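Q: Before we start, here is the structure in question, set down as structure tokens.
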Ligand code: SF4
């Protein structure tokens with residue numbers, strides 16, 4: 001089984017350790033991991049800001065890069081796997097809007113979207129594992145990424161993965177499915193509103209007494225983590241892949 | 001309107017914040033319980049959406065059917081293209097009948113056309129009879145929630161308001177306050193020459209107007225005065241009487257979580273000879289005011305499916321922080337972000353489609369499953385297209401930065417170069433692995449949050465090492 005990493009520009013640029021963790025977990029499970037080097041961004045920033053023409057040309061490039069990657073399967077089952085609910089949703093849900101009157105691209109797109117998975121969903125649904133051999137000594141709470149939860153409908157997979165980690169105690173936070181206030185450019189268009197949403201999220205996190213907050217989107221985590229580090233709140237911020245990469249063996 | 005300024009103010013208002021959290025929590029919990037207890041809730045929403053979709057697609061035919069049947073029942077039907085026409089129609093009816101004072105039940109459509117001010121200017125007194133609306137009218141404000149207009153006011157605010165405006169002693173018990181309002185309003189009902197209501201639904205098949213409420217004031221508004229005028233947005237239509245058995249529970253459960261509301265009035269024409277009460281004249285004013293423009297747009301047409309239950313407001317994490325007044329016009333919350341720009345003209349509310357984090361919580365609770373993120377994204381692209389045409393400096397700058405970004409991310413080598421350059425460029429701001437302050441506009445992030453630093457070795461460079469190391473892949 002082959003996984004073509006769709007690493008996302010955010011992980012590539014700011015959080016490469018998340019990508020490495022993902023590679024670590026996938027390889028531990030015997031997945032053949034590839035990284036199509038031509039990839040850059042999926043186009044979501046422009047799409048969400050209303051710049052459809054710009055988004056479209058970036059998206060078209062994505063379709064050709066990953067179409068090409070998937071066609072090199074050599075008889076292997078080949079997939080696209082992404083550490084972000086939001087970017088996965090862009091490809092699986094919103095590309096359809098973007099190309100709605102371009103049947104030629106839609107056809108190519110369908111072949112990609114059928115094989116594209118967010119990381120947690122890929123582990124549980126495709127690889128078929130919830131226990132990936134991870135160990136973590138800590139109390140963990142989970143923030144639902146809005147796009148993973150509501151655009152892709154993935155709620156249980158990350159929880160199953162977290163709960164199977166040895167040594168870990170999972171505590172659900174109240175308002176686990178409320179937006180953290182990130183919303184891409186929303187966070188700088190309306191910073192006061194964004195931070196006020198974030199405040200409530202932080203209260204919700206710290207209220208559980210967890211020492212670690214985990215999510216499936218670096219967008220949310222850079223928002224949550226940005227306030228946690230600014231305010232010196234003693235909670236670790238981690239992508240699910242980082243949590244699962246821990247084996248407790250150094 | 002200025003969403004950014006008004007929302008920032010709202011966020012800083014402690015009293016408003018606690019009021020908003022209280023009310024939205026209560027409504028959320030009630031809706032959730034009611035929907036969990038209703039078997040097949042999701043299918044019901046799906047069916048309601050289909051019916052609305054069908055109705056809106058055949059709106060012209062159903063409106064004519066409604067008109068015919070209202071007439072058949074002895075009512076009169078008026079068509080209003082815009083707010084002004086609607087106001088004039090209603091003022092005319094009042095004048096022709098020598099009406100000096102009007103009682104009103106809760107109606108967002110009358111807010112939309114600025115009816116109270118219009119009547120006032122024509123020398124006709126208008127009194128709101130819904131308790132929340134009564135409070136708002138006394139305070140000289142506008143509603144901040146579709147179904148709970150005064151939620152931004154605390155009990156203390158209301159006590160003070162009553163003491164000041166009604167000359168009654170300060171009292172803090174809700175029952176006492178309600179009693180005062182009720183006594184005042186009783187006289188108003190008896191003295192009014194005309195009652196004006198909105199309409200939750202209009203049934204084409206029977207020419208029936210449906211009003212849902214809990215206080216009984218709408219029942220009085222529509223039966224005590226000799227004339228009843230109902231103002232209805234043209235999208236409130238349902239084809240068949242039987243559709244109510246689906247839409248009434250959906251509306252009430254989504255709105256307040258009640259199984260059914262205390263009062264449901266079904267009004268078909270004026271009083272008939274055998275009737276003991278009811279108005280001698282019934283007028284239905286059908287309001288377009290921008291709705292046919294929405295109808296013409298396939299991509300955003302579903303905005304017209306809304307039945308104004310308010311669930312999207314209560315479940316919106318943005319509304320919960322900014323309250324209704326930040327949206328600058330009649331409708332607020334998610335439905336306001338999509339419908340205000342379309343009704344007012346997108347140039348008058350260009351911020352609103354952006355006043356959402358696109359989290360989609362609204363879509364999950366909407367009884368007609370409006371796909372908010374899709375509509376918002378559609379409207380955002382319209383705003384951008386319009387802005388680019390204006391040639392304003394800020395618009396050009398933004399467009400250019402996206403053009404630049406596109407040039408970078410569509411060329412791998414330039415993208416990789418940009419990664420290397422930004423690694424260096426960020427040095428002056430980098431402290432302990434993060435950026436603690438950045439120049440405008442990124443300062444809007446770093447004012448209260450650290451921003452991650454661009455990694456010294458981005459993933460693609462690390463990959464080259466991982467890949468070289470070999471191993472099972
Ligand atoms: S958009 Fe949907 S949830 Fe919001 S008020 Fe209308 S019907 Fe209710």
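Q: Given a Förster distance of 41 angstrom, what is the FRET efficiency for residue B:280 paired with residue B:157, based on the Cβ-Cβ distance and rounded to 0.05?
A: Result of the calculation: an efficiency of 0.55.
Q: So if I take the centroid of the Cα atoms in region A:95-112 and the same for region B:132-204, what is the distance between those two points in Å?
A: 53 Å
Q: If I stretch the segment between residue B:33 and residue B:424 completely, what's the gain in nm (0.36 nm per residue apart, minus their alpha carbon distance), one decimal?
A: 135.3 nm
Q: Helix B:333-344 versus the longest principal axis of chain B: what is the Cα-based angle in degrees, 0 to 90, to the nearest 10?
A: In chain B, helix B:333-344 runs at an angle near 80 degrees to the longest axis.
Q: Compute the helix-to-body angle for B:83-96: its Cα long axis versus the longest principal axis of chain B, expressed 0 to 90° and rounded to tens.
A: 10 degrees
Q: Between residue A:137 and residue B:50, what's the calculated FRET efficiency when r is the beta-carbon distance and R0 is 56 Å? Round to 0.05.
A: 0.60
Q: Counting other beta carbons within 10 Å of each residue's own, what order do B:427, B:182, B:308 fall into, fewest first?
A: Neighbour counts put them in this order, fewest first: B:427, B:182, B:308.
Q: Shape of region A:62-171 from its Cα gyration tensor (a ≥ b ≥ c, root eigenvalues): rounded if a/c is under 1.5, otherwise prolate when a/b > b/c, or oblate?
A: oblate
Q: Using helices alone, I'd like the mean residue ellipticity at 222 nm for chain B: each DSSP H run of four-plus residues gives -39500 (n - 2.57), total over residue count, nearest 500.
A: -15500 deg cm²/dmol
Q: With a cut-off of 8 Å between alpha carbons and a minimum separation of six or more residues, what is the relative contact order of chain A in percent?
A: 21 percent
Q: Could you check what % of the DSSP bridge pairs in the protein assembly as shown are antiparallel, to the nearest 5?
A: 20 percent
Q: Mark the label point 7 Å from the Cα of residue B:298 along Cα→Cβ and return the residues of region B:373-408 whose backbone N is within less than 20 Å of it.
A: B:373-383
Q: Still on this structure, I have one more. Just want to confirm a number: the relative contact order over region A:1-45, from Cα pairs under 8 angstrom separated by 6+ residues, in percent.
A: Reported relative contact order: 55 percent.
Q: Suppose a student asked you for the relative contact order of region B:322-391, using Cα pairs under 8 Å spaced at least 6 residues apart; what percent would you report?
A: 24 percent
Q: Right, here's the next one. Looking only at region B:211-326, where both bridge partners belong to it, what percent of the DSSP beta bridges are antiparallel (to the nearest 5)?
A: 30 percent
Q: Tell me, A:117, B:305 in order of fewest to most beta-carbon neighbours within 10 Å?
A: Least crowded to most crowded, the residues run B:305, A:117.
Q: Report P(r) for the protein assembly as shown: all Cα-Cα distances, bin width 20 Å, range 0 to the bin holding the largest distance, values in whole percent.
A: The percentages, shortest bin first, are 16, 46, 28, 9, 0.
Q: Considering only DSSP beta bridges where both residues belong to region B:43-292, give the percentage that are antiparallel (nearest 5).
A: 25 percent
Q: Compute a Gaussian network model of chain A, connecting alpha carbons closer than 10 Å, and tell me which residue from A:184, A:43, A:75 fluctuates the most.
A: A:75
Q: Work out the FRET efficiency for residue B:266 and residue A:114 from their Cβ-Cβ distance, taking R0 = 45 Å, and round it to the nearest 0.05.
A: FRET efficiency, residue B:266 to residue A:114: 0.35.
Q: On a 0 to 90° scale, report how tilted helix B:244-255 is relative to the longest principal axis of chain B, with both axes built from alpha carbons and the result rounded to the nearest 10.
A: 60 degrees
Q: Between residue B:412 and residue B:240, what is 0.36 nm times their sequence separation minus the Cα-Cα distance? Round to one decimal in nm.
A: Taking 0.36 nm per residue and subtracting the Cα distance, the gain is 56.1 nm.
Q: Sort chain A into rounded, prolate or oblate with this rule: let a ≥ b ≥ c be the square roots of the eigenvalues of the Cα gyration tensor; rounded if a/c is under 1.5, and if a/c is not under 1.5, prolate when a/b is larger than b/c, oblate otherwise.
A: Since a/c reaches 1.5 but b/c is at least a/b, the shape of chain A is classed as oblate.
Q: For B:221, A:208, what's the fewest-to-most ordering of other Cβ within 10 Å of each Cβ?
A: Listed from fewest to most nearby Cβ atoms, that is A:208, B:221.
No lab work stands behind these numbers, since they all come straight from the coordinates. From a predicted model like this one, the values you see are computed outputs, not experimental measurements. As a convention, Cβ positions derive from the backbone with ideal geometry for all residues, glycine included, and neighbour counts pool all protein chains shown.
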